[in-house]
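J.: Pasting a structure below so you can have a look.
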Amino acid sequence: ALALSGGGDSLALLHIAAAWAKRAGRRLLAITVDHRLNPDSADWNRFCESQAHRLGANWMLRRWDGEKPATGLPAAARRARYALVADAAREAGARVVLFGHTAD
């Protein structure tokens, strides 16, 4: 399973993982988490889905629903993202999860 967050780092990792999965004859699942914080998230979700399918990966969307905290939002979003990806990976039977992160 591969978690696709916003940015080129995740897309680069998707390309690398898709090439490996194809060579190894393995399935690849790309998971996008929509934190419901960005008004453009629906566009990002559609883009991630199209890229995953174009590269031969399955794709799954998870959403962070409910109220968001007034303080500590980045940490809360990170916890929610990891929990949602873990649940999706377990549901799919994934044994390895990859996350792409920027250096900053």
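The values are calculated or read from the model by the stated rules, or taken from the named source; none is laboratory data. Worth saying up front: this structure is predicted, and the values here are computed from it rather than measured. In this analysis, Cβ positions are derived from the backbone assuming ideal geometry, glycine residues included, and neighbour counts consider all displayed protein chains. Accessible surface is based on the protein model in full, side chains and every heavy atom, while ligands, DNA and RNA are left aside. Shrake-Rupley method; radii C 1.70, N 1.55, O 1.52, S 1.80 Å.
J.: Would you mind getting the Kirkwood hydrodynamic radius of the chain from its Cα pairs, rounded to one decimal in Å? Mind showing how you got there, number by number?
T.: Working: mean 1/r = 0.0712 Å⁻¹.
One over the average 1/r among Cα pairs gives 14.0 Å for the chain.
J.: Indicate the helices, whole DSSP H runs only, in the chain that combine a mean Kyte-Doolittle hydropathy of -1.0 or more with a Cα extent along their long axis of 27 angstrom or more.
T.: Details: long enough: 73-92 (28 Å, 0.00).
Span-like helices here: 73-92.
J.: For region 32-81, report the translational diffusion coefficient in µm²/s to the nearest whole number, using Stokes-Einstein at 25 °C, 0.890 mPa s, and a Kirkwood Rh over Cα pairs. Walk me through the intermediate numbers first.
T.: On the way: Rh = 11.9 Å.
Approximately 205 µm²/s, per Stokes-Einstein.
J.: Taking the simple approach of a point 7 Å from Cα along Cα-to-Cβ for both R63 and S41, what is their distance in nm?
T.: A separation of 0.8 nm, rounded to one decimal place.
J.: Work out how much length D9 to R54 would gain on full extension: take 0.36 nm times their residue separation and subtract the Cα-Cα distance, in nm to one decimal.
T.: 14.4 nm
J.: Counting other Cβ atoms within 10 Å, keep those with at most 15, restrict to DSSP loop, and tell me which trypsin sites (Lys or Arg not before Pro) in region 36-104 are left. Write out the running numbers ahead of the final one.
T.: Numbers: sites: R36, R46, R54, R62, R63, R78, R79, R81, R90, R95; in loops: R36, R95.
Answer in residue order: R36, R95.
J.: Leaving out ligands, DNA and RNA, what percent of the accessible area of the chain is carbon and sulfur, probe 1.4 Å?
T.: Details: 3420 of 6490 Å².
Within the chain, the accessible surface is 53 percent carbon and sulfur.
J.: Sticking with this one: Restricting everything to alpha-carbon atoms, can you work out Rg to Rh for region 10-61 with a Kirkwood hydrodynamic radius? Provide the component values of the computation, followed by the final result.
T.: On the way: Rg = 11.6 Å, Rh = 11.4 Å.
My calculation of the ratio gives 1.02.
J.: What size of dipole, in debye to the nearest 20, comes out for the chain about its Cα centre when the only charges are +1 on Lys and Arg C-beta atoms and -1 on Asp and Glu C-beta atoms?
T.: Numbers: 15 positive and 10 negative charges, 96 e Å.
Charge dipole, the chain, about its Cα centre: 460 debye, nearest 20.
J.: Next question, about the same structure. Where only protein heavy atoms count, and the probe is 1.4 Å, what is the accessible area per residue for the chain in Å²?
T.: Numbers: 6490 Å² over 104 residues.
That works out to 62 Å² per residue.
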